[in-house]
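The values are calculated or read from the model by the stated rules, or taken from the named source; none is laboratory data. As the structure is a computational prediction, the values presented were derived from the model and not from experiment. Every residue, glycine as well, gets a Cβ built from its backbone with ideal geometry; the counts of neighbours run over all protein chains shown.
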Amino acid sequence: MGLELYLDLLSQPCRSIYIFARSNNIPFEFKHVELMKGQHRTEEFRKVNILMKVPALKDGSFTLAESIAILLYLARKFKTPDHWYPSDLQKRARVDEYLSWQHVNIRGKGSKLFLTKVLLPLLTGQPLSPEKLESVTEELNIVLNQFEEKFLQDKPFIAGSEVSLADLVALVELMQPVGAGYDLFEERPKLAEWRRQVEEAVGKQLFQEAHEGILKAKNLTADKIAPDLLEHFKHQLLKQTS
Amino acid sequence: MLNSLCSSETNKQEDNFAPCVYKPVGFSVAFRHDTILARQPHLQTAGKLLCFGPSNSEGAGKVRLLKKVPALKDGDFTLAECTAILLYLSRKYNTPDHWYPSDIQKRAQVDEYLSWHHANIRANAPKTMWIKVLIPLFTGQPLPSEKLQEVMEGLSTSLKQFEERFLQDKAFIIGSEISLADLVAIVELMQPVGVGCDIFEDRPRLMEWRRRVEDAVGKELFFQAHEMILSVKELSNIQIDPALKEQLAPVLMKMLK
């Protein structure tokens, strides 16, 4: 049994792993775990990840969760090109720094905007209040400013002149609000250029393929969600978007 | 106001280019594991210089655009985020393998915990301190008990997951030896303890793990690093400048969300 990756491409961290593995020709079996159908809550998947979240990896009897851990594991096991996680101590530290900071910032705020704009109205049946949208958009913009000023600065990529895991992780997260209809690249030319370069580095076609689902997310309707999940999702969402 | 004690520690064989870590002693949780790691004997003999400076001083401000602690400065190189700093220190100073094992599966387990930690343990544990001590200190008002209850419930869920997924029946997160994962977890969990929410009380397995971590790190060093957190309640008696209160109260309330 080879490497298995348990993924749903609607999820940002799943996309970074999918793109990284495919871009580096890492052989794996794609195990589709459809979140909207509640497949992450089955007993079978629980054996792979007791925390019932995607992405997850299974390599023989070894299981692993958390996209950053998975990306690093793949980079090490398959000895991917150095620039993904540079051996230079300081460049590596830059990648670590971003990967750490992003959890509650880019990832946190990008997710929040997506959940608030797309999923919440869908699950509650209530229209989205303009104040709420403005507030989550503002929160995202604050971290986008920090991203540009502190992490990207005048460099082409976060770690310097070459693309790394940090850029990939950042970009897939930023595509989530884009999928919600908020084109954050429109008025940020530096970010737009950075995006173009990251897409080119991983392969434009692969990038677009990975994002096909999320870019259609606006068309999601409540009937696509497993009925027994509706209450559970709603409860979770209300907590996450408060 | 979160007044930082300044202490500096130099080794006789001080290297002029040794990294300088800016952080106030006491309040920033993230700094404590840096201190604990850095004070392991082999790092001292490598001629490390650690200087603690006020967190919002100009020097520290230049170091960190985001104006947060901890931060590291090594010559011209500056670095934020405790995970990044811990990894940088362990690589630069070749700390013993168990801290961040070379075995890729054990290493992955450390990475897994360090990643999960942010949105889980770290999301709730510090809030106990904000709710019980710091916010009432700055706003002059206690917070409704539901707020603390909410946080404790969240923390309880995270602790259950911690025991089920990360610790299980092992001595430490990766197995038989302590690693950065245990260190990062324990310092965060000492915060509720410091404000009287003893999360170890009804959790014997966690309590045993804590004892092992303290022993592995060195009891004296562990308690030294946690001195201020464990007496944080005494802060409640301090008088704060009203102008500062007004300025910081809304910021602190936002941090609760």
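Worth pointing out:
- Test for residue A:78: is it aromatic (Phe, Trp, Tyr) and away from every other protein chain (no Cβ under 12 Å): no
- Residue list for the stretch B:143-178, restricted to those being within 14 Å of chain A (Cβ to nearest Cβ), under 17 Å from residue B:205 (Cα atoms), charged (D, E, K, R) and buried (at least 16 other Cβ atoms within 10 Å of the Cβ): B:165
- Residue, farthest from the chain's Cα centre (by Cα), within the stretch A:205-223, restricted to residues that are assigned to a helix (DSSP H, G or I) and closer than 17 Å to residue A:21 by Cβ: A:205
- Given (1) assigned to a helix (DSSP H, G or I); (2) within 11 Å of chain B (Cβ to nearest Cβ); (3) surrounded by 17 or more Cβ atoms within 10 Å (Cβ to Cβ), number of the condition residue A:149 does not satisfy: (3)
- Every residue from the stretch A:1-32 that is touching a Cys at 6+ places or on another chain (Cβ under 9 Å), in a strand (DSSP E or B) and under 18 Å from residue A:216 (Cβ atoms): A:7
- Selection within the stretch A:40-74 - more than 10 Å from chain B (Cβ to nearest Cβ) and closer than 19 Å to residue A:19 by Cα: A:54, A:55, A:56, A:58
- Here residue A:137 does not fit the description of being within 14 Å of chain B (Cβ to nearest Cβ), among the β-branched types (Val, Ile, Thr) and in contact (Cβ under 8 Å) with a residue 12 or more places away in the chain.
- First in the stretch B:62-86 and at the interface with chain A (Cβ under 9 Å from one of its Cβ atoms) and farther than 13 Å from residue A:150 by Cα, second anywhere and part of a loop (DSSP other than H, G, I, E, B) and modelled with pLDDT of 70 or more, Cβ under 8 Å, 6 or more apart: B:82/B:70; B:85/B:70
- Residue among B:181, B:108, B:185 that is more than 17 Å from the chain's Cα centre (by Cα), surrounded by 17 or more Cβ atoms within 10 Å (Cβ to Cβ) and in a helix (DSSP H, G or I): B:108
- Taken over the stretch A:176-189, the residue count meeting the criterion of being closer than 19 Å to residue A:154 by Cβ and loosely packed, with under 13 Cβ neighbours inside 10 Å is 2.
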